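Taking it in order: structure first as structure tokens, then the write-up.
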Amino acid sequence: MNFDDTPAEAEFRSRAAAWIAANAPFELEKELERANFGLQLHSTDPVAASKAWQKKKYDAGWAALRWPKEYGGAERSPIEQVIWSHEEGVFSKLNIPFAIGFGMCGPTVMKWAREDQKRQLLPRLASGQDIWCQLFSEPAAGSDLAGIRTRAERDGDEWVVNGQKIWTSGARDAEWGLLITRTDPTIAKHRGLTMFFLDMKSPGIEIRPIRQANEESHFNEVYFTDVRIPDAQRLGEVGQGWTVALTTLMNERMSIGAEMPTSFAELYALCRELGVIGDSAVVSRLAKFAVKASGLRYTAFRAISALSRGEQPGPENSIGKLVAGSMIQEMSQFALDLEGEAGMLLETEISPERAWFRATLLRSPAIRIEGGTDEVLRNIIAERVLGLPPEARVDKDVPFNQIPSAATAAR
Amino acid sequence: MQFDFSDDQKALQSDVRRFFERASPISVVRALIDSDASHEASLWKQVSELGFLAAAIPVEYGGAGAGYLELCLVAEEVGRALAPLPAVSSIYQAAELLLLSGSVAQKERWLPRLANGESIATIAVAETVGEVTPDRIAAKVTDGKLTGTKRPVSDGLAADLAFVAAHGEGGLGLFLAELSLDGVQRSAVKSVDPSRKQAELRFNAVAVEQLGAAGAGQAVLSAMRDRAAVLVAFEQIGGAHAALTMARDYALGRYAFGKPIGGFQAIKHMLADMYVSLELARSNAYYGAWALATDASQLSLAAASARVAASDAYRHCATNNIHVHGGMGFTWDFDCHLHYRRARYLSSVLGAPPEWERKLIAAYGRVA
């Protein structure tokens, strides 16, 4: 049992560190350290900064580390990807606009697109030219993703799309979108779906930023009015969209070895700042947060160790977001409790820790919803790790257009 | 990074698990619970002959000299099997105390006997309700003679010797007392976990030996408890895993409303949360194992983290295991309450979690 790199890992780490030290945009370092959620930069255009960093990495062979070379990748091992991310440190925040592309859309394209499409699209993503977004969720289909209603109807060599997507990160900046549609509402819901990729500048697409509960506007609504997509941009067969979507979702939940940041250090620093470390109630709460933070940290280390041995990490990886989400929420409430009446203020000229817990107070409810709600994650652990039976699904074999909904209930 | 146990260590763990499945089924645990015996002597003899619990005692003192990582995995299996052994007293605490502060003569005399199970040792510190602090200790050593009363003393009926905290020259010290001497009175005290028996020990002018420097009792005790906390954490995660497995199996087999209750989200989510607390505890315990095996400067922080997380996980899993079993979980005949009781015992034995929460945050402050 040790925390040491193998000689090959150490060699890779030192080369990565040296390249980053020589090439990273250190002029943005302070600003990146202060960024709370998402990529917030004031001195420069964040998307341009992100694309420039990605291009620089690509030119030097440090981009898309896990991908095959013919698609713009570097063909490195999973453990090298982990080491790279560790060394990239605060500059990895610049990757946020590409997270959906590398994490979900890219792997889906790689598995389902034609060879010529892969050779065209994937190097553009790897080299920072194209940002991708994922057009899955709808107002009436969140956890029940297979209940989406956006229609695609065939018209010769094209498909005509009408409907609405929601919670689309980065839609305004994206060149490409991965879109799941309903192509047949008269058959069972999982069988009537078809996946496409499309140009986000296509006529008929309207993007409206959502004003979020925390006053930011990271997410969008995307409206489709007679948007035409060439049939050549279909991924998988007509009606195979659910299977294709599973590729995307499996990748979404596979951020292996990535430690969920829980900001325990910030909470401890805040308690020091406020002089409450001696209070026994404070100490008890702090200790409970501390063991969750260290538990997540060392769970990630266990996964990294499995990768280093060339093995798949175990299912314990699935606990990260579930634990971190509610923990971040509870920590922000606790931090503001410590401020007494001042906890009601959204001040700006305060310490970074106090600002952080204000930001997390308002942002954290979404962490427990996005990318799989707490309840969906518990179902996944219960079914895939503990082997418990799936939920009974009353709508499984019913034609989609006969499934009860809020609209049919109102009639 | 290899933040995991080696294949050899995991193979040893499998052997130990199979041994307990064969030699210490739940009927053996229950037999001790129903008897007045001080411990399960036959199982203790078998385990001692195999040398499992002597894993971390150096070869020159009659141990196996394998190491702490091996002992951690043995402890996990002791916990999983609910094994009725005096391991927490004699091995995780007493042997560690001797290794930390015993004289060469004391180590040479006692460690081989603890390693081969010929002698059982325990720790006698607490006297009254509340966290152990020097002002809650009345026991005194005057002219080499110990007088005072200790309770609870785990395995105090089975033990041949005890390391006793008492005020002596220079402050609070630790003293080695042989329990066969005149002036020692022992009586059983009913334990929440009757598979780990408790006693009260009365000392009336009993000749004792000083262990370690005079007045160093508190520091040595604290250092020993850090080490023991890691080992106890492995017993706790072994027990927590067993309780989770019991609950899962019952949820799959018990039908209500026309299907296994494990198909209802209320049960599924409860079990998922048990799994989460177990994995958080396991990862913290692994860090503790690393710190113990390498004698790292982070041992205090790692031990406190392991202890707080493992105490929480075992209690959480044992409590919900009863709940998943419904009314059957509240019967004497189902084994759920054995984990519930053991979880309580293991939470109390080295000082309860609130004490360790304070140690954790103090240790964090030193390294932060």
Selection within the stretch A:28-43 - over 21 Å from the mean Cα position of the chain (by Cα) and surrounded by 14 or more Cβ atoms within 10 Å (Cβ to Cβ): A:Leu28, A:Glu31
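Residue by residue through the stretch A:151-174, note down the ones that are in contact with a strand residue (DSSP E or B) (Cβ under 7 Å, 6 or more places away or on another chain) and part of a loop (DSSP other than H, G, I, E, B).
A:Asp157, A:Thr168, A:Ser169, A:Gly170, A:Ala171, A:Arg172, A:Ala174 - these are the residues of the stretch A:151-174 that are in contact with a strand residue (DSSP E or B) (Cβ under 7 Å, 6 or more places away or on another chain) and part of a loop (DSSP other than H, G, I, E, B).
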Within the set of pairs 6+ apart or on separate chains, which have a first residue in the stretch B:134-163 that is modelled with pLDDT under 95, a second that is among the aliphatic types (A, V, I, L, M), and C-beta atoms under 6 Å apart? B:Pro134/B:Leu172
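Listed here are the residues, each with its yes/no results for (1) in the same structural domain as B:Leu172 (by TED's automatic domain parsing); (2) hydrophobic (A, V, I, L, M, F, W, C); (3) farther than 21 Å from B:Arg225 by Cβ; (4) surrounded by fewer than 18 Cβ atoms within 10 Å (Cβ to Cβ).
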| position | (1), (2), (3), (4) |
| --- | --- |
| B:His39 | no, no, yes, no |
| B:Trp44 | no, yes, yes, no |
| B:Gly67 | no, no, no, yes |
| B:Ala75 | no, yes, no, no |
| B:Leu99 | no, yes, no, yes |
| B:Thr128 | yes, no, no, yes |
So, in the stretch A:329-352, how many residues would count as being among the hydrophobic types (A, V, I, L, M, F, W, C), loosely packed, with under 11 Cβ neighbours inside 10 Å and within 30 Å of the chain's Cα centre (by Cα)? 0
Run down B:Tyr250, B:Tyr287 and say which single residue is touching a residue at least 12 places away in the same chain (Cβ under 8 Å), in a helix (DSSP H, G or I) and more than 24 Å from B:Leu100 (Cβ to Cβ). B:Tyr250
Report whether or not B:Asp193 is more than 14 Å from chain A (Cβ to nearest Cβ), outside any helix (DSSP H, G or I), out of contact with any Asp or Glu (no Cβ under 7 Å at 6 or more places or on another chain) and within 29 Å of B:Glu76 (Cα to Cα). yes
Of the residues A:Ala306, A:Ala281, A:Ala287, only one is surrounded by 21 or more Cβ atoms within 10 Å (Cβ to Cβ), of a type in the set (Gly, Ala, Ser) and out of contact with any Asp or Glu (no Cβ under 7 Å at 6 or more places or on another chain); which? A:Ala306
When residues of the stretch B:253-266 are filtered for being under 16 Å from A:Leu386 (Cβ atoms), of a type in the set (Gly, Ala, Ser) and either facing another protein chain (nearest Cβ under 9 Å) or assigned to a loop (DSSP other than H, G, I, E, B) (or both), how many remain? 2
Just give me the residues in the stretch A:210-227 being outside any loop (DSSP other than H, G, I, E, B) and surrounded by 14 or more Cβ atoms within 10 Å (Cβ to Cβ), in sequence order. A:Asn220, A:Glu221, A:Val222, A:Tyr223, A:Phe224, A:Val227
Kindly indicate the residue of the stretch A:181-204 that is part of a strand (DSSP E or B) and surrounded by fewer than 19 Cβ atoms within 10 Å (Cβ to Cβ) and also nearest to the chain's Cα centre (by Cα) among those meeting that condition. A:Asp199
I'd like to check something: does the stretch B:140-153 contain any residue that is closer than 20 Å to B:Val232 by Cα and in contact with a Leu (Cβ under 6 Å, 6 or more places away or on another chain)? yes
Members of the stretch A:118-156 found to be among the β-branched types (Val, Ile, Thr) and free of Cβ contacts under 8 Å to residues at least 60 places away in the same chain, listed by number: A:Ile148
Residue count, the stretch A:338-379 (criterion: charged (D, E, K, R), assigned to a helix (DSSP H, G or I) and at pLDDT 90 or above): 6
Scanning the stretch B:330-341 for residues that are surrounded by 20 or more Cβ atoms within 10 Å (Cβ to Cβ) and not aliphatic (A, V, I, L, M), which turns out nearest to B:Ala240 (Cα to Cα)? B:His339
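Give me the residue from the stretch A:365-383 that is in contact with a helix residue (DSSP H, G or I) (Cβ under 8 Å, 6 or more places away or on another chain) and more than 15 Å from B:Asp273 (Cβ to Cβ) and, out of that set, farthest from the other protein chains (Cβ to nearest Cβ). Working first, answer last.
Going residue by residue through the stretch A:365-383, those that are in contact with a helix residue (DSSP H, G or I) (Cβ under 8 Å, 6 or more places away or on another chain) are A:365, A:367-368, A:371-372, A:374-375, A:377-383.
Next cut, more than 15 Å from B:Asp273 (Cβ to Cβ) only: A:365, A:367, A:371-372.
Values: A:Pro365: 19, A:Ile367: 16, A:Gly371: 17, A:Gly372: 13 Å.
The qualifying residue farthest from the other protein chains (Cβ to nearest Cβ) is A:Pro365.
Within the stretch A:382-391, is even one residue touching a strand residue (DSSP E or B) at 6+ places or on another chain (Cβ under 9 Å) and either at pLDDT below 90 or of a type outside the set (A, V, I, L, M) (or both)?
yes
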Among (1) within 14 Å of chain B (Cβ to nearest Cβ); (2) in a helix (DSSP H, G or I); (3) closer than 24 Å to A:Glu216 by Cβ, the one test that A:Thr299 misses: (3)
Members of the stretch A:20-58 found to be of a type in the set (Phe, Trp, Tyr) and under 22 Å from A:Ile83 (Cα atoms), listed by number: A:Phe26, A:Trp53, A:Tyr58
Within the stretch B:248-288, restricting to residues that are of a type in the set (D, E, K, R) and surrounded by fewer than 24 Cβ atoms within 10 Å (Cβ to Cβ), the one that is modelled with the lowest pLDDT is B:Lys259
Has the stretch B:43-55 got at least one residue that is outside any helix (DSSP H, G or I), under 20 Å from the mean Cα position of the chain (by Cα) and without any contact (Cβ under 8 Å) to a residue 60 or more places away in the chain? yes
Among the β-branched types (Val, Ile, Thr), over 20 Å from B:Thr245 (Cβ atoms) and either surrounded by fewer than 24 Cβ atoms within 10 Å (Cβ to Cβ) or not assigned by TED's automatic domain parsing to the domain that holds B:Ala256 (or both), is that true of B:Thr294? yes
Just one of the numbered conditions (1) closer than 15 Å to B:Met224 by Cβ; (2) assigned by TED's automatic domain parsing to the domain that holds B:Leu43 is not true of B:Arg109; which one? (1)
Leading residue by the ranking (surrounded by the fewest Cβ atoms within 10 Å (Cβ to Cβ)) among those in the stretch B:342-368 that are within 14 Å of chain A (Cβ to nearest Cβ) and not in a helix (DSSP H, G or I): B:Ala368
With respect to the numbered conditions (1) over 22 Å from the mean Cα position of the chain (by Cα); (2) at pLDDT 95 or above, which one is the sole condition not fulfilled by A:Lys55? (1)
If A:Arg393 satisfies every condition in (1) within 14 Å of chain B (Cβ to nearest Cβ); (2) surrounded by 13 or more Cβ atoms within 10 Å (Cβ to Cβ); (3) assigned to a loop (DSSP other than H, G, I, E, B) but one, which is the exception? (2)
Quick check on the stretch A:308-337: of everything there that is farther than 25 Å from A:Val376 by Cβ and part of a helix (DSSP H, G or I), which residue is nearest to the other protein chains (Cβ to nearest Cβ)? A:Ser308
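The values are calculated or read from the model by the stated rules, or taken from the named source; none is laboratory data. Keep in mind it's a predicted model, so treat the numbers as computed, not measured. Neighbour counts are summed over all protein chains in view; Cβ atoms, including those assigned to glycine, are modelled from backbone coordinates with ideal geometry.
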